[in-house]
Amino acid sequence: GMRALRICLNRPEIFKTQLRALYRASAFGKLGIMFPMVTNLEDWDEAMRLVAHCRQLLRERGEEFDPNTPFGVMFGVPSACLTAEEFVEHGCNFFVIETNDLTQYTHAVDRDISIAERYYRPASHAMKKLIRMVVEAAREGGIPVTICGSAVGNPANTLQYLQLGLRSFSVSPQNLIEVKKALMNAKIK
């Protein structure tokens with residue numbers, strides 16, 4: 001419940017300190033800032049108001065930063081997926097689909113409890129529908145979308161995600177070779 005962006009919005013002074021630090025780091029190289037655990041557009045809008053405040057403060061202080069730093073949403077909550085197109089309309093620059101949380105919250109199952117393991121299904125029909133919604137919103141909005149999480153390390157899942165239109169995959173190093181082989185041999189419909 002209370003983690004990620006939710007904590008940041010609940011403790012804005014800490015969040016603003018982090019945002020200013022990230023912006024200052026942007027002066028030294030390419031940086032994208034992603035908000036995890038976004039539930040709805042109100043979360044995004046509130047976070048972006050704090051971003052604008054930090055940007056203004058840094059300008060007033062004369063500090064260097066990249067004002068064009070992209071901001072994105074990590075989709076790990078079904079309610080956000082159902083309204084993905086609204087995030088594009090409100091200035092979101094990129095999407096990341098996080099399969100671990102999204103599976104957990106879609107199927108109401110804790111991925112760490114082995115007794116409920118059969119309900120943790122990252123390639124279920126419900127998951128595919130949510131992922132497709134996010135991919136289509138990104139495509140229509142002209143922004144990039146990446147998928148990550150442990151499910152992406154399974155070549156069978158990755159091939160299904162490829163069929164849903166995804167082209168950017170974040171894979172843990174131990175799964176990279178198998179996933180790369182599967183993708184190289186894939187036939188895209």
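The values are calculated or read from the model by the stated rules, or taken from the named source; none is laboratory data. Because the structure is predicted, anything quoted here is derived from the model rather than measured. Because the Cβ atoms are built from the backbone with ideal geometry, glycine has one as well, and the counts that use them run over all protein chains shown. What goes into the accessible areas is simple: the full protein's heavy atoms, side chains included, and nothing from ligands, DNA or RNA. Shrake-Rupley method; radii C 1.70, N 1.55, O 1.52, S 1.80 Å.
A 1.4 Å probe over all protein chains sorts Val88, Val179 by accessible area into Val88, Val179, starting with the largest. Working from Cα positions, state the angle (0 to 90°, nearest 10) between the long axis of helix 125-141 and the longest principal axis of the chain. It works out to around 40 degrees.
In degrees, nearest 10, range 0 to 90: what is the angle between the Cα axis of helix 41-61 and the longest Cα principal axis of the chain? The angle comes out near 40 degrees.
Sort region 1-86 into rounded, prolate or oblate with this rule: let a ≥ b ≥ c be the square roots of the eigenvalues of the Cα gyration tensor; rounded if a/c is under 1.5, and if a/c is not under 1.5, prolate when a/b is larger than b/c, oblate otherwise.
Details: a/c = 2.24, a/b = 1.74, b/c = 1.29.
Cα axes put region 1-86 in the prolate bin.
Farthest towards the positive end of the charge dipole of the chain, among the residues Gly72, Thr106, Pro173, is the Cα of Pro173, using unit charges on the Cβ of Lys, Arg, Asp and Glu.
Considering all projection directions equally, how large on average is the shadow of the alpha-carbon convex hull of region 42-143, in square nanometres? Don't skip to the answer; put the middle values down first.
Values: hull surface 30.9 nm².
With the hull built on Cα positions only, its mean projection is 7.7 nm².
Reported value for region 13-56: 73 Å³ per residue, from the convex hull of its C-alpha atoms. What angle do you read, to the nearest 10 degrees and between 0 and 90, between the alpha-carbon axis of helix 12-25 and the longest principal axis of the chain? Once rounded, one gets 90 degrees.
Quick one: Cα convex hull volume of the chain, Å³ per residue?
Working: hull volume 24.4 nm³, N = 189.
Cα convex hull per residue, to the nearest whole number: 129 Å³.
For region 90-189, carbon and sulfur atoms together expose 53% of the accessible surface, with a 1.4 angstrom probe and every protein chain in place. Heavy-atom surface analysis with a 1.4 Å probe gives region 25-84 a carbon and sulfur content of 53 percent of its accessible area. Take the Cβ atoms of Glu85 and Met2, set R0 to 35 Å, and the FRET efficiency comes out at 0.80.
Mean residue ellipticity at 222 nm, helices only, the chain: -15000 deg cm²/dmol; runs of at least 4 DSSP H residues each add -39,500 (n - 2.57), and the sum is divided by the number of residues. When nucleic acids and ligands are ignored and a 1.4 Å probe is applied, Val171 ends up with an accessible area of around 30 Å². Taking all protein chains together and rolling a 1.4 Å probe, Phe94 ends up with roughly 40 Å² accessible. Ranked from largest to smallest solvent-accessible area, with a 1.4 Å probe on the protein heavy atoms, Phe65, Phe75 come out as Phe65, Phe75. At q = 0.22, 0.23, 0.27, 0.30 Å⁻¹ the log10 of I(q)/I(0) for region 72-117 amounts to -0.72, -0.76, -0.92, -1.04, computed by Debye summation with a single uniform scatterer per C-alpha, solvent ignored.
Seen from Ala138, the other residues with C-beta closer than 13 Å to its C-beta sum to a net charge of -2, counting Lys and Arg as +1 and Asp and Glu as -1.
Rolling a 1.4 angstrom probe over the protein heavy atoms, how many square angstrom per residue are accessible across the chain? Walk me through the numbers on the way to the answer.
Details: 10420 Å² over 189 residues.
Computed with neighbouring chains in place, this is 55 Å² per residue.
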